[in-house]
Structure formats: C-alpha cells, structure tokens
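The values are calculated or read from the model by the stated rules, or taken from the named source; none is laboratory data. Predicted, not measured: the structure shown is a model, and the values here were computed from it. Glycine gets a Cβ as well: all are built from the backbone with ideal geometry, and neighbour counts include every protein chain shown. What goes into the accessible areas is simple: the full protein's heavy atoms, side chains included, and nothing from ligands, DNA or RNA. Shrake-Rupley method; radii C 1.70, N 1.55, O 1.52, S 1.80 Å.
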Amino acid sequence: MIATDDSSQTVADRPAFFLKLEESIVSHKTCQKSFALLLINLKRFRRFNLSQGYLIADQLLQLFAQRLTSMAREQDFIARVGNAEFAMILPEILNEGHASLAAIKFINSLTEAFSLSGEQFYVNAHIGITLFPEHGLDAKELLQNTEKALSDAALNSESYALYSTETRHSDIQVWDIEKDLQRAIEQDQFELYFQPQVNLKTGKLFGAEALIRWKNGDKGFVRPDIFIPVAEDNGYIVPITQWTINAALWLKKEWPQSQNPLKVAVNISTRMLSQPDFVEMVQGALRIHDTSHEELTLEITESALVEDLSTSFKLLNELKSQGINISIDDFGTGYSSMAYFKNIPANEIKIDQSFVRYMLENQMDQHIVQTIINLARGFDLKVVAEGIEDQPTFDGLNLLGCDIAQGYHLAKPMPQQEFINWVKSYNR
Ligand code: C2E
Ligand code: MG
Ligand code: MG
C-alpha cells in the first residue's frame, strides 16, 4: 500500500481509547478471539520539538497518525494517548506472528519521508505489542504489559517487541542488585572517579565531576546507571549520597592547589530533594571538610527537577542562596516547558551528551546546542557541554559560545591518584 498523508483528519483521544479497549475486551471474550494492542512511540520526538518548534512538531504528529490510519485495516482503531505516543487496537488477530506482521507493516511505512512546509522529515518509532487474552485479562494488565514490551523494544534498540515473560526477568535482576547493595554499603565498596572540566575560552581547569563506581566482588565494576535507580527505589540512595558528598569533599582537599579553587560536582538523585534534612546534610559536610560553598556543585537531572517543580525549586533556591552551585544535568531531555526557565534555581546547565555527540554531523543537534547556549546567556547561566569526544567538537562548542567542556577528549573519569597526576601534568 502507498502511504498518503492528509493532515486534515484527526485520530481518537485517550478517553476514547480506554472506552474502545474495554469494549474490545468484552466483544473478544464473547467471540473467543484475540486482539492485539500496540503502543507506538516516536523516537527522539522531543528533539524534533525543540529544533523545529511546536507547530511543525504538531503537524508532523498529525501526518504520522494519518500514515498509520492509511496503513491500517478498516476495523483497526487508532488513538493518540501521549505526547508522542499512539495506541492501536487490532481486532481479530490470529496469533503473535500475525500481530508482529502488522507492526512491521507500520514500521515499514515510515521509510517514506513526511513532507512539511516544503521540507522532508523522517520519523522512527518503537512499538510494544500484547495480545488479549494471552498477555493480560483486563485493560490495566494489558496496558502495563504493552508498556513493558515498548520499553523492551527501546532498551534493545528494536523497532518492535512482543510482550514475553522474559520481560519479567529484569525484576529478578533488580532483586539481586538490591541484596548486594546492602552489603556494598556495609562493606564500603564504593569509589569515586573524577572527570575534569575545563574552561573552553581560557583552557584553565575549572573542576571535576565526581562519578560513583561500585566494586562488586563478583561482577567487577558496576555502572551507576545500573544500581542508582535501584538505590533510589529502596532508599539506599540516602546513605550513598551522604557518602558521595563527604568523599568528594574529602578527596578534593588532596588536589593540587590552583589560583581559582577547583569545583567538585556531585550528582544528586531526585529522591534526595524530598529528604527533609538534605540542606543540613550538605551544610554539615561543607563544615566538616572546611570547604567554601562555592567549591561544591550539585548536579540535578532536568527530568528529576520537573517531576516536582515546587518542592525542588524551593530546596534548590535555598542551597543556591548559600552560595552552593546548582547545575541542571542532562539538559534538553527532561520534557520540561521553557516557561520554568525564568525562575530556574541554578547557576549552570549541562547540555545532554546525546546532543553534543553528533553535533558536527547532525544539523538538528547543532541547532539544539546553539539554542540552549543562547537561552542560558539570557538567564546568566553557565553552560557545560559533556560527552565531548574529539577536538573538532571541542572547537565547535567554543565557537558556539559554550563555557565549560567535559568529555573523553579531555579525559575519562579517573580514580583519585590518577586524577591528581592528570591535573599536575595539565597545569604544566
Ligand atoms: P551524568 O551525571 O550525566 O554523567 C556523565 C556520564 O557520561 C558519566 O557516566 C561519564 O563517564 C560519561 N561520559 C563523560 N564523558 C563522556 C564522553 O566523552 N563520551 C561518553 N560516551 N561518555 C562520557 P557514568 O560515570 O557511567 O555515570 C552515569 C550516570 O550515573 C551519571 O550521568 C549520573 O546520572 C549517575 N551517577 C554517577 N555517579 C553518581 C552519584 O554519585 N550519585 C548519583 N545519584 N548518580 C550518579
Ligand atoms: Mg552529572
Ligand atoms: Mg549528564
């Protein structure tokens, strides 16, 4: 079938989708047949939104919905259920293979570009698939499992994934990490690595980000993005953060002295922002290590910040008013509105490395980087770029007006002694 796009038509909304889902469950129960539920998520849509603006992005979504409709059978139902997420109910599906074929058909229809305002845009999507009644007996279970399949597709970089019981294995893994984590805290199995940050204009060393490493006896070094989410879930993040802040300030005292004191940046999880004694904890650590407030930076990811704007803004403002630096990490990925920017309780933003990485090859990424830098200028915020892997990107960021650089091009995160040696030879 040839894809024809007509943006004048619209698709059903969320409430209509829930009604249709309940209705399909009832009717398929009666006739003892299966239907498929598909969740379709547009990849990197947020970036597209940022670079092209909401108007174009919205038109693209409409065209995308129309493309799906044109590829669907008459009895299939399509709804927009999230910002860049669509759901499809495909009645009377024979088996998993049949459902997969339908998903492949929709994915294949995306190889053709979308024409908007005389420009050609390409869209990619992930699809999660479940069957009723095989993968869930009610709407709630079915939706949950379709979401699991969708995140499986995204995690494995597959265009589509069927729900399978294997998806549940990740829960078992979480349990293992949780048990081991308790031991890690008791036996002090953590270590801090430091990655330098350099002033792009002067070339002078600015400071370093502290990145936690877990030396697990059996598994070797466990990456923070594996165990931090588990620690956030079970509350271990509180003692871990306390340890991290203290270790960072303690180790910093051994760093070579420089004209402008170096800053150490520590990553702070969302969960800490709802900790009533968090401010006292930070103050206490600064006091114990006799370190001035300006030498500590707390990095909060943008997505964490927007989860609960009022609480986090209040707390971060308090810390900032005491002279502690606040940095918004992974900026550009947080699904936040630009409106909050005017009150942002920060001194610094860190452009997410996914925009920096391919900035020179990808015009859209470069637009985003430039837009973030311009925006920061207007609000008197310092801009850090992380994930700089080569000299051309380093130079490009300097031209775009970025302030601070961090990335493998300068150095990978290193243990304390290696970092100290690196600083000595850098200063030379
Ligand atoms: P992040 O704060 O955004 O840290 C940057 C990550 O990018 C680090 O990964 C760093 O090693 C990596 N990186 C830096 N430069 C480059 C580069 O040029 N290329 C590439 N490919 N990667 C680069 P790491 O250490 O694995 O940390 C991952 C994430 O885990 C961190 O992302 C942060 O969100 C979290 N994390 C690390 N340490 C802590 C901690 O002490 N507490 C908390 N709550 N989270 C932490
Ligand atoms: Mg960070
Ligand atoms: Mg980051």
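Does segment 126-145 include one or more residues that are open to solvent by 10 Å² or more (accessible area, probe 1.4 Å) and in a strand (DSSP E or B)? Yes, segment 126-145 has at least one match. Return the residues of segment 219-229 that are away from ligand 2 (no atom under 16 Å from the Cβ), out of contact with any Lys or Arg (no Cβ under 7 Å at 6 or more places or on another chain) and either in a strand (DSSP E or B) or modelled with pLDDT of 85 or more (or both); say none if nothing qualifies. Listed by number, the residues that qualify are Gly220, Val222. Restricting segment 240-276 to residues that are under 15 Å from Pro224 (Cβ atoms) and either of a type outside the set (A, V, I, L, M) or in a loop (DSSP other than H, G, I, E, B) (or both), the residue that is most open to solvent (accessible area, probe 1.4 Å) is Arg271.
Annotation note: of Ile388, Ile351, Ile344, Ile373, the sole residue that is touching a residue at least 40 places away in the same chain (Cβ under 8 Å) and aliphatic (A, V, I, L, M) is Ile351. Do we have any residue at all in segment 392-410 that's β-branched (Val, Ile, Thr) and either not assigned by TED's automatic domain parsing to the domain that holds Lys253 or not in a helix (DSSP H, G or I) (or both)? Yes: one or more hits.
Scan segment 1-43 for residues that are surrounded by 12 or more Cβ atoms within 10 Å (Cβ to Cβ), over 22 Å from Leu55 (Cβ atoms) and modelled with pLDDT under 90 and the total you get is 1. Here Leu211 fits the description: open to solvent by less than 70 Å² (accessible area, probe 1.4 Å), within 30 Å of Leu399 (Cβ to Cβ), modelled with pLDDT of 95 or more and within 16 Å of ligand 1 (Cβ to nearest atom).
Restricting the first member to segment 215-233 and to residues that are open to solvent by 80 Å² or more (accessible area, probe 1.4 Å), and the second to residues that are assigned to a strand (DSSP E or B) and among the basic types (Lys, Arg), the beta-carbon pairs closer than 7 Å and six or more apart or on different chains are Phe221/Arg213; Phe221/Lys215. Of Lys342, Lys350, all but one fail to be over 16 Å from Ile404 (Cβ atoms) and either more than 21 Å from the chain's Cα centre (by Cα) or of a type in the set (D, E, K, R) (or both); the exception is Lys342. Mind telling me which of the residues Leu319, Leu286 ends up being in contact (Cβ under 8 Å) with a residue 12 or more places away in the chain, more than 16 Å from ligand 3 (Cβ to nearest atom) and within 24 Å of Glu386 (Cβ to Cβ)? Sole residue among the options that is in contact (Cβ under 8 Å) with a residue 12 or more places away in the chain, more than 16 Å from ligand 3 (Cβ to nearest atom) and within 24 Å of Glu386 (Cβ to Cβ): Leu319.
Ala304 meets the conditions (1) of a type in the set (Gly, Ala, Ser); (2) within 30 Å of Arg287 (Cβ to Cβ); (3) touching a Lys or Arg at 6+ places or on another chain (Cβ under 9 Å); (4) open to solvent by 20 Å² or more (accessible area, probe 1.4 Å) in every case but one. The failed one is (4). Residues in segment 320-331 that are within 16 Å of ligand 2 (Cβ to nearest atom) and either surrounded by fewer than 21 Cβ atoms within 10 Å (Cβ to Cβ) or over 17 Å from Gln275 (Cβ atoms) (or both): Asn325, Ser327, Ile328, Asp329, Asp330, Phe331. Does Ile328 fit the bill of being under 27 Å from Pro413 (Cβ atoms) and within 16 Å of ligand 1 (Cβ to nearest atom)? Yes: the conditions hold for Ile328. Residues in segment 362-416 that are on the phi > 0 side of the Ramachandran plot and surrounded by fewer than 18 Cβ atoms within 10 Å (Cβ to Cβ): Asp380, Gly401. Once segment 169-208 is narrowed to residues that are among the charged types (D, E, K, R) and within 23 Å of the chain's Cα centre (by Cα), the residue that is modelled with the lowest pLDDT is Asp171.
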